[in-house]
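The values are calculated or read from the model by the stated rules, or taken from the named source; none is laboratory data. Note that the structure is a prediction, hence the values are computed from the model and not measured. Note that each Cβ is placed from the backbone with ideal geometry, even for glycine, and that neighbours are counted across all protein chains shown.
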Amino acid sequence: MRTERSIELFARAREYIPGGVNSPVRAFKAVGSNPLFIKEGQGSKIYDVDGNEYIDYVCSWGPLILGHSHPQVVQAICEAAGKGSSFGAPCEQEIELAQMICEAIPAVEKVRMVNSGTEATMSAVRLARAFTGRNHIVKFEGCYHGHADHFLIQAGSGLLTAGVPTSPGVPEAFARHTLVARYNDLDSVQKLFEQAPADIAAVIVEPVAGNMGLVLPEPGFLEGLRQITKEYGSLLIFDEVISGFRFCFGGYQNIVNIEPDLTTLGKIIGGGLPVGAYGGKKEIMDRIAPEGDVYQAGTLSGNPLAMAAGTASLRILREGKFYEVLESTAASLCEQLEQVLEGHDGILSMNRMKSLFSIFFTGEKVRDYPTVLQSDSGKYARFHQQLLQGGVYFPPSQFEVCFISSAHDGQDVEKTLKTVDKALQQLQ
Ligand code: HOZ
């Protein structure tokens, strides 16, 4: 595989962009190699600047549930762009996307559009603090809610990859208000509430954790969070930036039938353009300015391009048997992958939720942050390199998830299985 052009571009990028990238994980540091510069994406494939083709299981970290350059989404973006990219004034498309989200997620009666998942979670926490008049929040080890100050404590994604427990630049006074519990461990949450019963504004959780590799909620965990937060008058925030519209037309909350007080969204609802959103019950959301006194604003919020891409995507997801078809591709790939993994020494495990999965280099069941850390990330790095050689693009870090899109087909499944098998053989 030739990658000269990517190497050349990375050297050039490093002169002008910190670390040569605009988001750390994509620098490939965790897998000890050079990032690939991507020129084009079509369906399930991406093409780098050296002309190599890969089956893409990153899918822009989640938004591209329809694959790359879906014709209806491209058309919606082009049509919107021809009429102006941003007005800084209300437009009808905002209502359309907001209405679709509110109709899909019963706990979201009103929704505010922002430009990223980070903005959504940051704003939801401010709102929760204002609504409850409390300052502390509870988050979980290994969960990642974007890069706002109060979330960069024992966080997943790039921080976990880099082994940074708390980022420099986060004032100690802010960090004091972030209490950290263990995922899938209700006792750890209960203890925090017992220590500060009247101080916790909210518990924020990824209902399906997707930033320490994939870690699934165990039965009763999310229900328990709902119960504890109610008991102590604290809000429950489901961060559904990854899980929103990933498993069904709505949030993971629709599947488990739990109503959080606030929900954060992003990724899929923007159809591949920058977007975020936070929503909840009217009585909470109406505290946001200009209706209420909690300030939050954005020049590009609700811009017609992102709204058009999001609305076009959601329309496709709502039609026919979209999620059943996606699930059948995912099941075909993952069930066979499991068999492939079983053939390799019992030192591997896999977590899967419908069209999301992660392979871990540990024989242990991965169920929380400490078990995630048992995975051999050095092996993952070598595995990743072998996959690239075979034309399969997995996330360049053990602590991220693989995304399957509706553009992946039987041929992709077959090639992926062969490539994974061969890559694992080369590791032995
Ligand atoms: N932090 C995101 C992954 N969980 C995005 C990474 C990127 O875009 O590079």
Condition met for F247 (surrounded by fewer than 19 Cβ atoms within 10 Å (Cβ to Cβ) and over 27 Å from T132 (Cβ atoms)): no
Count - residues of the range 16-47 that are more than 13 Å from the ligand (Cβ to nearest atom) and among the small types (G, A, S): 5
Leading residue by the ranking (farthest from the ligand (Cβ to nearest atom)) among those in the range 1-15 that are exposed (fewer than 13 other Cβ atoms within 10 Å of the Cβ) and assigned to a helix (DSSP H, G or I): E4
Helices (runs of 4 or more DSSP H) contained in the range 193-287 and holding at least 3 residues modelled with pLDDT under 95: none
V25, sole failed condition from (1) over 19 Å from Q398 (Cα atoms); (2) assigned to a helix (DSSP H, G or I); (3) of a type outside the set (F, W, Y): (1)
Qualifying residue in the range 307-324 (condition: under 30 Å from Q428 (Cβ atoms), modelled with pLDDT of 95 or more and surrounded by fewer than 20 Cβ atoms within 10 Å (Cβ to Cβ)): no
Among the residues listed as S157, S243, S234, the single one being of a type in the set (S, T, N, Q), within 16 Å of the ligand (Cβ to nearest atom) and closer than 19 Å to Y278 by Cα: S243
Meets criteria (out of contact with any strand residue (DSSP E or B) (no Cβ under 8 Å at 6 or more places or on another chain), farther than 25 Å from H68 by Cβ and within 16 Å of the ligand (Cβ to nearest atom)) for S397: no
Filtered residues of the range 119-147 (kept if surrounded by fewer than 22 Cβ atoms within 10 Å (Cβ to Cβ) and of a type in the set (D, E, K, R)): R126, R129, R134
Test: residue in the range 217-231 that is away from the ligand (no atom under 16 Å from the Cβ) and among the polar types (S, T, N, Q): yes
Given (1) touching an Asp or Glu at 6+ places or on another chain (Cβ under 9 Å); (2) closer than 23 Å to I242 by Cβ; (3) surrounded by fewer than 18 Cβ atoms within 10 Å (Cβ to Cβ), number of the condition L333 does not satisfy: (3)
Flag for E327 being free of Cβ contacts under 8 Å to residues at least 60 places away in the same chain and more than 23 Å from the chain's Cα centre (by Cα): no
Every residue from the range 362-376 that is closer than 21 Å to D421 by Cβ and either of a type in the set (G, A, S) or buried (at least 20 other Cβ atoms within 10 Å of the Cβ) (or both): G363, S375
Residue list for the range 376-424, restricted to those being within 23 Å of G244 (Cβ to Cβ) and β-branched (V, I, T): V401, I404
Hits in the range 128-146 (condition: among the small types (G, A, S) and more than 16 Å from the ligand (Cβ to nearest atom)): A128, A130, G133
